[in-house]
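What follows is a set of notes on a single structure, which appears directly below.
The values are calculated or read from the model by the stated rules, or taken from the named source; none is laboratory data. In this text, all values refer to a predicted model and were calculated from it rather than measured experimentally. No Cβ is skipped: glycine too gets one built from the backbone with ideal geometry, and neighbour counts run over all protein chains shown. Ligands, DNA and RNA are stripped out before the accessible areas are found, and what is left, the full protein with its side chains, is counted by its heavy atoms. Shrake-Rupley method; radii C 1.70, N 1.55, O 1.52, S 1.80 Å.
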Amino acid sequence: MIRALILGGTADASLLAAEIARAGIDAVYSYGGRTRAPADQPLPTRIGGFGGVSGLADCIRREGITHVIDATHPFAAEMSRNAVAACTETGTPLIALERAPWTRVSGDNWIEMANINTAVAALPDAPANVFLAIGRQHIAPFATKPQHSYTLRFVDPPEAPLPFPADVIVSRGPFTLHGELEMMRTRGISWIVARNSGGDGARAKVDAARRLGLPVVMISRPQLPERLRVESVAEVVQWLGHRTRLGA
Ligand code: NAP
């Protein structure tokens, strides 16, 4: 009998949950609890951290989880590392559902950086209008370049004061090319800082930057331990089906 645990919080995880529910596979969906009103899922849902590797391993044993699917955001590195460790500890099969990163195309002006701190250093010294398309937990280091005017975009309004003054847009994606062009033109955006999330829902800002000839400081994905990784929901369902036929 299969009982899957989906580590979610992404659009792909929602697609997967819908497909798993449709297929009648027993599963639990897990949210990290970052957004105030997460989308409803057609599966039993839990919200909040597990308590590190040991907490996740305990949950796997307690809930009788047979398969873990890591469908978290490509930059949710701590959760992904914990999943590898907890699945190794409990001998539970793990698969990652992770969209491919964006690749540079003709006309892109990307400055690729390994992390947030080097991204801050890549910004110019002269004042610029910078769109920080990164999660709210990661903005603090930009306070060291206060000469810039920052535009931030969050799913929920900020609860705590921001580490620097900023123009905050509260909106949930996916975003369109038209909308991103409009937003960047209206605010006179001259630099963009983004993470290489991949996928269609978030790429409109990158396409808009190319159209407007704007530089993008593109933060590369974090390094993760080796794991089975696929890019489509169908492959995950197939993986679960394969296991069923083998009686795993
Ligand atoms: P993270 O830094 O890798 O995770 C930090 C901690 O949050 C984890 O160690 C875990 O706590 C808890 N956590 C994260 N995802 C969880 C999940 N799906 N279920 C239960 N606990 C979870 O991750 P993050 O960047 O804060 O992202 C948190 C969530 O937001 C993820 O579900 C991710 O898919 C989603 N998300 C992230 C981004 C992003 O840009 N990073 C963008 C869109 C959506 P414990 O150690 O206590 O288990």
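Here is the list for the range 139-213: GluC sites (Glu not before Pro) lying in DSSP coil, each with at most 13 other C-beta atoms within 10 angstrom of its C-beta, are 159. Calculated accessible area for the range 110-219 comes out at 46 Å² per residue, all protein chains present (probe 1.4 Å; ligands, DNA, RNA ignored). For the chain, the longest principal axis of the Cα atoms and the long axis of helix 52-63 meet at an angle of about 40 degrees. Available extension along the chain between residue 47 and residue 156 is 37.6 nm, counting 0.36 nm per residue and deducting the alpha carbon span. Phi-derived couplings, Karplus 6.51 cos²θ - 1.76 cosθ + 1.60 at θ = phi - 60°, listed residue by residue for the range 195-204: 9, 6, 6, x, x, 7, x, 9, 7, 4 Hz, with x used for Gly and Pro.
Normalised by 2.2 N^0.38 Å, with N the number of residues, the alpha-carbon radius of gyration of the range 1-112 equals 1.15.
Just grab the label-to-label distance for residue 21 and residue 111, each label 7 Å out from Cα along the Cβ direction, in nm (one decimal). If labels sit at residue 21 and residue 111, their model points lie 4.4 nm apart. Legend: P(r) of the range 110-219 from all alpha carbon pair distances, 10 Å bins from 0, whole percents, reading 14, 52, 32, 1.
For the chain, evaluate the Debye formula with one uniform point scatterer on each Cα (no solvent term) and list log10 I(q)/I(0) at q = 0.09, 0.10, 0.15 Å⁻¹, rounded to two decimals. Per q value, in the given order, log10 I(q)/I(0) is -0.44, -0.53, -1.07. Could you please state how large a percent of the accessible area of the range 117-161 is carbon and sulfur, counting protein chains only and using a 1.4 Å probe? Here carbon and sulfur together make up 58 percent of the probe-accessible area. Count Lys and Arg as plus one, Asp and Glu as minus one, and take only other residues whose Cβ is under 13 Å from that of residue 17; the net charge is then -2. Mind jotting down the distance between the C-alpha centroids of the range 60-103 and the range 179-198, whole Å? The two parts, judged by their Cα centres, are 31 Å apart.
Taking a virtual spin label 7 Å from the Cα of residue 228 along the C-beta vector, which residues in the range 1-33 bring their backbone nitrogen under 16 Å of it? Counting backbone N atoms under 16 Å from the label point, the list is 1-7.
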